[in-house]
Amino acid sequence: MLISPDRGRLVFEKLERDLRKLASEQRAESVHNFRTTTRRLQTLLLELLPEHDRNQKKLLKQLDEIRKRAGKVRDLDVQLAALRSLKIPQEPRRKTQLMQRLLELRAKHEKKLRKLLTDGTMREIRRRLKRAGNDLDFKHSRDPLAVARQLLAQAPPANQLSDDVLHRYRILVKRARYAAEFAPKSAESTRLIAQLKRLQDAIGNWHDWLTLTNTAAGQLGDVHQSPLVAALHNVTGGKFRHAAAALEASPKAEEQKTPQAAAPPARRRKEAKSPPRSSQTEAAA
């Protein structure tokens, strides 16, 4: 099954629009849309189309620099959204302080992002996008659904989950979904994409709360020093169990299932543990 040409070309058009919006405003929606569309383009060029010319390589390098900077902003946007949704009576003053600190950090990273979005850089990226879109050759593309399944096959066993293992699943599921979305519409592709989206949402939600919990612990102390951090830790634990249940119900986990995989382990990570190193640049998309 080859790539759907319409879906392949659409990602170039959407990225140009998202880039233009990002340059004019760095709102949460603009940042998120740019990052997800950039990830889709990377999946198309790196996973599905086997050969890359100099223009494509340069384009990906420029986009990756902006995407990583936008990721800093996105991390703070999801933390702010999670913190705003937290309705607890504990330490209202510290919650306000944490909110203010997150807003300050966002403003700092937003300023750095704006510095990358110069008129010259935007013109060059748009030119490279147009050229890359015109040069696409889908005749020798890889099968998107086969690529998606190959990516999922790289995931570690679903039993004995830890934060690190779940984080690896988060990245692979995201890449697999983006690959599958380039397949022509069919019952098979629709079913797989829906399964991956549910799994991505569940694991991404856990990761958002984990990131917020670690930030709060860095600002306020561990669970023994701050009731707010303890509450966040409990919420994150619930999100972990929900993500683990979603993963266990996934088709890949069904194939791997062993008697040990009946339930996720008790909270095995250290309290207020820092996220996996790679998560600093891999936000929810």
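Of everything in region 1-43 that is free of Cβ contacts under 8 Å to residues at least 12 places away in the same chain and within 25 Å of residue 115 (Cβ to Cβ), the residue that is farthest from the chain's Cα centre (by Cα) is 24. Within region 162-192, being part of a loop (DSSP other than H, G, I, E, B) and crowded, with 23+ Cβ neighbours inside 10 Å holds for 182, 183. Out of 81, 107, 70, which single residue is surrounded by fewer than 19 Cβ atoms within 10 Å (Cβ to Cβ), small (Gly, Ala, Ser), outside the structural domain of residue 211 (by TED's automatic domain parsing) and in contact (Cβ under 8 Å) with a residue 40 or more places away in the chain? On inspection, the qualifying residue turns out to be 81.
Of the candidates 136, 145, 129, the single residue that is among the aliphatic types (A, V, I, L, M), more than 26 Å from residue 78 (Cβ to Cβ) and assigned to a loop (DSSP other than H, G, I, E, B) is 136. Return yes or no: is residue 57 under 27 Å from residue 180 (Cβ atoms), modelled with pLDDT under 95 and part of a helix (DSSP H, G or I)? Spelling it out, residue 57 is indeed under 27 Å from residue 180 (Cβ atoms), modelled with pLDDT under 95 and part of a helix (DSSP H, G or I). Checking each residue in region 206-218 for being surrounded by 15 or more Cβ atoms within 10 Å (Cβ to Cβ) and either farther than 25 Å from residue 36 by Cβ or without any contact (Cβ under 8 Å) to a residue 60 or more places away in the chain (or both) picks out 206, 213, 216, 217.
The values are calculated or read from the model by the stated rules, or taken from the named source; none is laboratory data. None of these values were measured; they are calculated from a predicted model. Don't worry about glycine lacking a Cβ; one is built from the backbone with ideal geometry, like all the others, and counts go over all protein chains shown.
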